[in-house]
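Asker: Got a structure here, written out as structure tokens. Questions coming.
Values in this text are rule-based calculations from the coordinates and carry no lab data. Computed from a predicted structure; not experimentally measured. Virtual Cβ from ideal backbone geometry, glycine too; neighbours counted across all protein chains shown.
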Amino acid sequence: MEVKQLKFLLKLLEKPGYQSKITEIKPTPKMKASERDSICRSLSEDGYVAYEKDIKQFRIEPAGKGLLNSANAAELPISEDEIKVLKAVKQKSMTPGKLKIKADKQKILHQMCDRGLIEATKTQITQVWLADGGKDYLATKYESDSTTLAFTPKMLSDYVSFLRQYFAGKAPTTAPSARTSQTAPLSTTNAPKPTDDAILQLIKDLDYELGTDNYLPIFHLREKLQPPMTRKEVDEALYRLQGDDKIELSALAEVQLYTPEQQAAGIAQIIGGSLFFIIHTD
């Protein structure tokens with residue numbers, strides 16, 4: 001890992017829950033925003049961080065055109081605001097600021113991107129947080145043979161504090177919200193990644209084993225799936241299961257019951273906090 005990438009991770013250790021606005025992360029004082037965002041995306045691809053982004057420019061996809069031209073468009077499962085978006089972008093790409101809708105524009109646009117109706121052609125990172133892969137790397141895999149001090153005393157202090165919390169969190173606890181599962185991880189780093197059906201079965205097994213009454217906190221599932229899966233892959237699998245009506249995802253209301261690290265394992269939303277609980281529907 002490059003020094004600038006490592007500094008990016010160490011800067012996140014300064015923030016509550018290891019989560020921050022991207023504009024508050026400056027690996028070096030004079031680093032340009034474009035380089036910072038590039039580092040963020042690179043770290044995300046490796047599973048070390050995850051981030052939220054705003055759509056700054058978008059265009060219509062063939063599926064969107066087909067839906068808009070459908071004779072039965074009014075009977076399809078699409079909202080009036082989504083139809084307005086498709087009509088506005090039918091001829092050429094555009095920016096959210098030109099949309100004349102009252103609903104949360106970013107929420108609508110992200111939903112439409114997920115459904116393949118539009119494509120985001122320009123995005124901007126807004127929030128970033130340390131993923132489980134980044135925590136594991138900093139705690140168990142980072143090594144350096146450099147004899148030059150490249151980090152500030154504050155960075156080193158935050159790193160030591162992180163290590164204490166990380167390894168303290170590995171100890172058993174009697175708190176109901178942090179009970180330890182006896183279910184072994186589904187696979188190792190080199191094994192094939194689990195199918196959606198296998199993930200659904202793991203959700204049911206963990207819920208039964210931990211006695212979470214069909215409200216399984218996501219961090220329990222991440223402990224079993226990351227690795228071999230990345231945070232993004234787990235999120236996408238949960239969204240697919242939700243789309244197939246096999247699970248529901250619910251937000252966290254009583255944040256005081258969970259540690260910042262456990263809260264950070266949720267799926268951040270543009271509005272309404274993070275999705276934190278998994279509810280299987282059968």
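Asker: Answer rounded, prolate or oblate for region 28-164, using the Cα gyration tensor with square roots of eigenvalues a ≥ b ≥ c: rounded when a/c is under 1.5, else prolate when a/b is larger than b/c, else oblate. Numbers along the way, then the final one.
Answerer: Numbers: a/c = 3.50, a/b = 2.82, b/c = 1.24.
Verdict is prolate for region 28-164.
Asker: Which of rounded, prolate, oblate describes region 55-126, given a ≥ b ≥ c as roots of the alpha-carbon gyration tensor eigenvalues and a/c under 1.5 marking rounded, otherwise prolate only if a/b is larger than b/c? Could you put the intermediate results ahead of the total?
Answerer: On the way: a/c = 1.77, a/b = 1.54, b/c = 1.15.
Taking the square roots of the gyration eigenvalues as a ≥ b ≥ c, region 55-126 is prolate.
Asker: Between residue 4 and residue 42, how many nm apart are label points set 7 Å from Cα along the C-beta direction?
Answerer: Inter-label distance under the simple model: 0.6 nm.
Asker: How much length is gained if the chain between residue 31 and residue 142 is pulled fully straight, taking 0.36 nm per residue apart and subtracting their Cα-Cα distance, in nm to one decimal? Display every interim value, and only then the final one.
Answerer: Working: separation 111, 0.36 × 111 = 39.96 nm, distance 2.32 nm.
So the extension gain works out to 37.6 nm.
Asker: In addition: Rank-order 88-100, 200-212 by packing density, defined as the average count of other C-beta atoms within 10 Å over each peptide's residues, highest first.
Answerer: Values: 88-100: 13.3, 200-212: 16.8.
Those peptides, ordered most packed to least, come out 200-212, 88-100.
Asker: Additional query: Which shape class applies to region 81-160: rounded if a/c is under 1.5, otherwise prolate when a/b exceeds b/c and oblate if not, where a ≥ b ≥ c are the square roots of the Cα gyration tensor eigenvalues? Could you put the intermediate results ahead of the total?
Answerer: Values: a/c = 3.64, a/b = 3.34, b/c = 1.09.
Here region 81-160 falls in the prolate category.
Asker: For labels at residue 215 and residue 121 in the simple 7 Å Cα→Cβ model, what's the distance in nm?
Answerer: 4.6
Asker: Highest first, please rank the peptides 130-142, 101-113 by the mean number of other Cβ atoms sitting within 10 Å of their residues.
Answerer: Numbers: 130-142: 19.0, 101-113: 16.8.
Descending mean neighbour count gives 130-142, 101-113.
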